[in-house]
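S.K.: Mind looking over this structure? Questions follow.
Throughout, read-outs are computed from the coordinates displayed, never taken from laboratory work. Just so you know, these numbers come straight off a predicted model, no measurement behind them. Cβ atoms come from the backbone with ideal geometry, glycine included; neighbour counts cover every protein chain shown.
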Amino acid sequence: MEKLKLLRKYLYLKREVVISLLAIVFLYPLAKLNYLVFHTIIEMLAVITASVLSIFNFLIPKKTRPKFLNNVAIAYLNVAVVDFLHTLAYKGMGVFHTFSANQPTQFWILGRTLETIGLSSIIFKRIGTIPIFIILSTLNFLGTLAIFKGTFPDCFIEGKGLTPFKIAMEYTIIAILLPLAVRIHRSDDRNLIPYKEPLISALIFTALAEASFTLYTDVYGFFNALGHLFRFISYLVILSGIVRISILTPLRTIYFDLCEELRRKEESAVRDALTGLYNRTFFEERIRYTLERLISERVPIVVAMADVDNFKNINDKYSHLVGDKVLRRVGEILRSSLRAGDIVIRYGGDEFLIFLTDCKVDQAERILKRLEDKLLKLKGEFGFDVSLSIGFIEVLTEGTESLDKLIETADKRMYQTKAR
């Protein structure tokens, strides 16, 4: 059941397959009427598709083009050449007068071999573009030369049909393509992930084509026509998929980068550069309205104002650089001591404004006590005491509705604490 679901996922009925099915509806009757015209149309469409796929790949900016696409493009460029020769050599075309039905079948096997090697290179990351170009171009040249010289193994014998070599090659190709589809499905390569659907769909349709080509006995027969149609679908799927994704993925990447840059700029605008806490601008533009609404709804909030004790003396005695380090460490401890929904703002200089949401006095005292205990440990780090004077007020018990009044009261209580 799981395998059927997986197969349905990759044999997705998107526009490529719909177009191909319509092509079958309209082109197969042509095969019955004039197979040679049908074959020429299908093959030339396949040659054009493979050529466009190869050319388009190199139009994609190098920095946004996955490396494996280079190998795919080189493979299909070689395949386009062989398929073009296969079309010209086909029985009845009359281009190569000494050829029989054997030579176009040999070209077919050569083309599928090159295609399989090129697609297999997707999962072998160590095979670079230059090695795959040398391998495929050399095989293409030697294979084509062998066909013209008559030294390539026979693939089709008139009156008998397919040779054991041809059938064995088709099954070998299928045996490579299907495991390759599984390997691609399981791959977690982030460059490959966007292309999985078109690649796997193309591999499945290519395997179906090869299976069809093991069954025909007549080069003008049904299974030969079916194999060509399957192969055309595989080309169309991979072309459409790679073109669409190669265009959209860089656009998404650019859009993501722009959004990320905007987010970073917005974040830096509301964050204090020294402590990493929210700044006063963030409080005035983002937080004030929300807090005022919560206060009006009588949500339990504790407003606290904190000030570093003897901070001027720290700057005068130990330098402003040490003073900055103290503020940075106090900011880190404030963040780690408060709860997820609490807000801490660097209000100015060595003052920090704290909002403890959904919190009452007894909870606030425990939170602030935890904060003080952590600050005590800074003496071992700096060699002198680092402490905060804190004044706070609870919204509900005090009954104050103005946020500014709450802050003012917390500030007065902080100075009272400092004076004590």
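S.K.: Could you state the per residue volume, in Å³, of the convex hull enclosing the Cα atoms of the range 298-409?
M.R.: On the way: hull volume 9.9 nm³, N = 112.
Each residue corresponds to 89 Å³ of Cα convex hull volume.
S.K.: What does the charge dipole of the range 357-399 about its Cα centre add up to, to the nearest 20 debye, if the Cβ of each Lys and Arg holds +1 and the Cβ of each Asp and Glu holds -1? The partial results should precede the final answer.
M.R.: Working: 7 positive and 9 negative charges, 46 e Å.
Magnitude of the dipole: close to 220 debye.
S.K.: Choose one of LEU334, ILE295, TYR415: the residue whose Cα lies farthest towards the positive end of the charge dipole of the range 276-420 (beta-carbon charges +1 Lys, Arg; -1 Asp, Glu; about the Cα centre).
M.R.: Value computed over the given set: LEU334.
S.K.: Past 24 Å, Cα to Cα: identify those pairs from LYS317/LYS369; LYS32/LYS196; LYS325/LYS377; LYS379/LYS405; LYS369/LYS412, in the order given.
M.R.: On the way: LYS317/LYS369 28 Å; LYS32/LYS196 36 Å; LYS325/LYS377 15 Å; LYS379/LYS405 35 Å; LYS369/LYS412 20 Å.
Too far apart for the 24 Å limit: LYS317/LYS369; LYS32/LYS196; LYS379/LYS405.
S.K.: Given a Förster distance of 45 angstrom, what is the FRET efficiency for ASP316 paired with PHE56, based on the Cβ-Cβ distance and rounded to 0.05? Walk me through the intermediate numbers first.
M.R.: Working: r = 68 Å, r/R0 = 1.51.
For R0 = 45 Å, the calculated efficiency reads 0.10.
S.K.: Of the peptides 310-320, 349-359, 81-91, how do they stack up when ordered by the mean number of other Cβ atoms within 10 Å, highest first?
M.R.: On the way: 310-320: 13.7, 349-359: 20.1, 81-91: 21.8.
Result, highest mean Cβ count within 10 Å first: 81-91, 349-359, 310-320.
S.K.: Another one. Between LEU215 and PHE26, what FRET efficiency follows from the Cβ-Cβ distance if R0 is 25 Å, with the result rounded to 0.05? Write out the running numbers ahead of the final one.
M.R.: Working: r = 23 Å, r/R0 = 0.94.
Efficiency for this residue pair is about 0.60.
S.K.: If I model the range 96-225 as equal point scatterers sitting on the Cα atoms and use the Debye formula, what is log10 I(q)/I(0) at q = 0.11, 0.13, 0.15, 0.16 Å⁻¹?
M.R.: -0.45, -0.61, -0.79, -0.87
S.K.: Let me see the pair-distance distribution of the range 116-186: every alpha carbon pair, 5 Å bin width, integer percents in order.
M.R.: Pair shares across the bins are 3, 13, 16, 18, 20, 15, 9, 4, 1, 0.
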